[in-house]
Amino acid sequence: MQVLVKLYATLREFAPPDTPLGQAFEVELNGERLRDLMEQLGIPRKETYITIVNGIGVSDLDHKLKPRDTVVVFPRIGGGGNLPGHRSSYR
């Protein structure tokens, strides 16, 4: 199934080389879970901080994606700690 992905800041290195800043790119996902997508893109767990699927924050790696879902992933910035009450979405 195809999903759309937007990667920001340091995670852009996992996007196709010619992807414009802020532009979504298509991924033919070999699986159906958020975990499958992260593994397929080669994004290390420790590199992600916030994951949003169709505008809603998702912290469950077993979240099932649907065709044409849009997944947005932000990394930790500057090595800072977690925001109060926030858990990393990719553990």
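Give the number of residues within the stretch 24-44 that are open to solvent by 40 Å² or more (accessible area, probe 1.4 Å), under 20 Å from residue 76 (Cα atoms) and either assigned to a strand (DSSP E or B) or in contact with a Lys or Arg (Cβ under 8 Å, 6 or more places away or on another chain) (or both).
Of the residues in the stretch 24-44, 0 are open to solvent by 40 Å² or more (accessible area, probe 1.4 Å), under 20 Å from residue 76 (Cα atoms) and either assigned to a strand (DSSP E or B) or in contact with a Lys or Arg (Cβ under 8 Å, 6 or more places away or on another chain) (or both).
Can you find, within the stretch 49-66, the residue that is nearest to residue 30 (Cα to Cα) among those that are among the aliphatic types (A, V, I, L, M) and assigned to a loop (DSSP other than H, G, I, E, B)? Break it down into steps so the answer makes sense when it comes.
The first filter runs over the stretch 49-66 and keeps only residues among the aliphatic types (A, V, I, L, M), leaving 50, 52-53, 56, 58, 61, 65.
Next, from what is left, pick out any that are assigned to a loop (DSSP other than H, G, I, E, B): 58, 61, 65.
Values: 58: 20, 61: 15, 65: 11 Å.
The residue in question is 65.
Kindly list the number of the only condition in (1) loosely packed, with under 10 Cβ neighbours inside 10 Å; (2) of a type in the set (A, V, I, L, M); (3) under 13 Å from residue 8 (Cβ atoms); (4) modelled with pLDDT of 95 or more that fails for residue 71.
So residue 71 meets the others, but not (1).
Taking the residues in the stretch 20-44 that are touching a residue at least 12 places away in the same chain (Cβ under 8 Å) and more than 15 Å from residue 1 (Cα to Cα) as candidates, determine which candidate is nearest to the chain's Cα centre (by Cα).
Taking the candidates together, the pick is 43.
Check 13, 47 and return the single one that is among the acidic types (Asp, Glu), free of Cβ contacts under 8 Å to residues at least 12 places away in the same chain and closer than 17 Å to residue 75 by Cβ. Walk me through it before giving the result.
Numbers: 47 fails: free of Cβ contacts under 8 Å to residues at least 12 places away in the same chain.
After ruling out the rest, the residue left standing is 13.
Looking only at residues in the stretch 45-58 that are more than 9 Å from the chain's Cα centre (by Cα) and closer than 22 Å to residue 1 by Cβ, which one is most open to solvent (accessible area, probe 1.4 Å)?
Applying the filter and picking the extreme gives 56.
The values are calculated or read from the model by the stated rules, or taken from the named source; none is laboratory data. Fair warning: this is a prediction, and the values are worked out from it, not measured in the lab. Using ideal geometry, Cβ is built from the backbone for each residue, glycine included, and neighbour counts are taken over all protein chains shown. Only protein heavy atoms, including side chains, enter the accessible area calculation; ligands, DNA and RNA are left aside. Shrake-Rupley method; radii C 1.70, N 1.55, O 1.52, S 1.80 Å.
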